[in-house]
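In what follows, a structure is listed as structure tokens, so that the remarks can point back to it.
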Amino acid sequence: MPVKNRFAEMQDEITRWRRDIHENPEILFETHRTSALVAEKLSAFGCDEVVTGIGRTGVVGVIKGNGSSNKVIGLRADMDALPITEATGVDYASKTAGAMHACGHDGHTAMLLGAARYLAETRNFDGTVVVIFQPAEEGGGGGKEMCDDGLMERFGVQEVYGMHNWPGQPLGSFAIRPGAFFAAADHLEITVTGKGGHAAKPHETVDPTVCAAQILTALQTIASRNADPVSQIVVSICSFETSSHSFNVIPSSVHMMGTVRTLSPENRDMAEQRIVEIANGVAAAMGATVDVHYKRNYPVMVNHDEQTEFAADVARAVAGECADAPLVMGGEDFAFMLEERPGAYILVGNGDTAPVHHPEYNFNDDAIPAGCSWWAEIVERRMPLN
Ligand SMILES: [Zn+2]
Ligand SMILES: [Zn+2]
């Protein structure tokens with residue numbers, strides 16, 4: 001069975017919604033315009049209930065099918081953009097300097113809106129669909145905030161599904177994997193404090209730059225010498241800033257920021273512990289002091305076996321096949337929803353485009369019929385009318 005004809009008909013209209021959202025990107029929880037647009041459309045489609053303000057700017061729509069079962073399925077899209085200046089050159093490019101839909105969440109929102117419209121029109125399922133539009137996927141934990149606001153309990157969600165477009169994967173094709181899929185993504189900050197002074201008299205200082213550089217180098221041994229080589233782990237220092245901006249002043253402190261990506265609780269615990277030990281040990285050896293902040297952000301996103309198999313079957317029904325997706329060391333806020341309810345997250349091909357988070361990236365509107373059809377088929381096959 002190919003894509004649903006209704007979505008082929010609706011593609012131009014869904015594309016217009018997508019480009020409107022693209023032109024007006026909003027970051028993290030500031031998705032006020034986007035959330036209002038989503039809520040307005042869900043109401044216009046005839047959703048049985050539309051609720052705003054869940055997880056600050058999150059929006060939820062409820063669509064009851066024909067039939068009397070108590071089954072409830074959640075379908076989730078993200079709405080937020082990134083702090084990137086767009087360089088696509090398209091005529092619907094971002095009107096907001098320094099903000100851009102560079103991860104395709106404009107496409108995710110538009111596709112789930114399209115599916116919601118179809119499901120509200122047809123109601124060809126036995127149960128209830130809860131469409132979930134979350135803010136702040138890009139590091140802000142908007143999905144977690146929606147869960148903390150009681151999303152799953154309040155709407156009785158029993159299973160939850162998510163989708164992300166994927167550049168480099170054939171357009172409109174699907175890929176998925178069971179178990180750990182996206183990495184835990186933690187934040188790391190290290191401040192090294194020494195004693196500043198004249199660069200020509202280093203012996204009178206405790207140079208925090210030299211100390212921080214050795215800590216940075218020693219941190220590389222977590223991946224190369226502490227983790228099992230067949231496991232996956234990333235420890236990256238991405239910012240290194242001293243308190244001096246001169247040729248001849250040794251600074252008093254250095255601030256480093258970075259990220260740790262892991263796919264197992266063991267590696268996550270190990271990395272946190274080793275970072276603290278290494279930073280403190282090297283600082284002690286150099287006579288400096290150190291302050292380490294390790295913030296556990298997104299957990300590992302784990303696809304549940306049964307729902308993953310079902311999601312892959314639906315993908316095969318829509319696109320003819322479903323590929324085995326590779327492990328991804330990126331983080332994904334949907335991990336929190338999959339910790340609360342069984343479900344699955346799938347990748348839909350964006351074709352040969354720039355990668356996500358790149359200023360030339362753009363969501364491919366030709367993925368819309370496949371993406372929308374997958375959503376609709378998830379519902380109609382999981383909760384069939386007798
Ligand atoms: Zn992203
Ligand atoms: Zn994304």
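The values are calculated or read from the model by the stated rules, or taken from the named source; none is laboratory data. As the structure is a prediction and not an experimental result, all values here were calculated from the model. Because the Cβ atoms are built from the backbone with ideal geometry, glycine has one as well, and the counts that use them run over all protein chains shown.
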Exercise. For the subset of segment 1-42 comprising residues that are part of a helix (DSSP H, G or I) and basic (Lys, Arg), which member is nearest to Ala376 (Cα to Cα)?
Worked result: Arg6
Seminar exercise, completed: All-but-one check, His22 against (1) surrounded by fewer than 20 Cβ atoms within 10 Å (Cβ to Cβ); (2) within 16 Å of ligand 2 (Cβ to nearest atom); (3) not hydroxyl-bearing (Ser, Thr, Tyr), failing number (1)
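Okay, residues lined up against (1) surrounded by 16 or more Cβ atoms within 10 Å (Cβ to Cβ); (2) within 16 Å of ligand 1 (Cβ to nearest atom); (3) hydrophobic (A, V, I, L, M, F, W, C):
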position: Leu338; (1), (2), (3): yes, no, yes
position: Gly343; (1), (2), (3): yes, no, no
position: Asp352; (1), (2), (3): no, no, no
position: His357; (1), (2), (3): no, yes, no
position: Asp365; (1), (2), (3): yes, no, no
position: Gly371; (1), (2), (3): yes, no, no
position: Ile378; (1), (2), (3): yes, no, yes
position: Arg382; (1), (2), (3): yes, no, no
position: Asn386; (1), (2), (3): no, no, no
Exercise. If you take just the helices (runs of 4 or more DSSP H) that sit entirely in segment 260-365, which of them hold at least 1 residues that are modelled with pLDDT under 95?
Worked result: 265-286
Exercise. Could you count how many residues in segment 177-235 are more than 11 Å from Thr262 (Cβ to Cβ), of a type in the set (Asp, Glu) and either in a strand (DSSP E or B) or modelled with pLDDT under 95 (or both)?
Worked result: 1
Exercise. Mind checking whether some residue in segment 280-298 is within 27 Å of Val356 (Cβ to Cβ) and either within 16 Å of ligand 2 (Cβ to nearest atom) or free of Cβ contacts under 8 Å to residues at least 12 places away in the same chain (or both)?
Worked result: yes
Exercise. Within segment 89-99, is even one residue in a loop (DSSP other than H, G, I, E, B) and either among the aromatic types (Phe, Trp, Tyr) or within 15 Å of ligand 1 (Cβ to nearest atom) (or both)?
Worked result: yes
Exercise. Quick one: how many residues across segment 63-81 are farther than 16 Å from Asn124 by Cβ and surrounded by fewer than 18 Cβ atoms within 10 Å (Cβ to Cβ)?
Worked result: 1
Exercise. Can you pull out the residues in segment 118-163 that are at positive phi, buried (at least 20 other Cβ atoms within 10 Å of the Cβ) and either in a helix (DSSP H, G or I) or within 16 Å of ligand 1 (Cβ to nearest atom) (or both)?
Worked result: Ala136, Gly141
Exercise. Mind checking which residues of segment 164-183 are under 16 Å from the mean Cα position of the chain (by Cα) and away from ligand 1 (no atom under 16 Å from the Cβ)?
Worked result: Ile176, Ala180
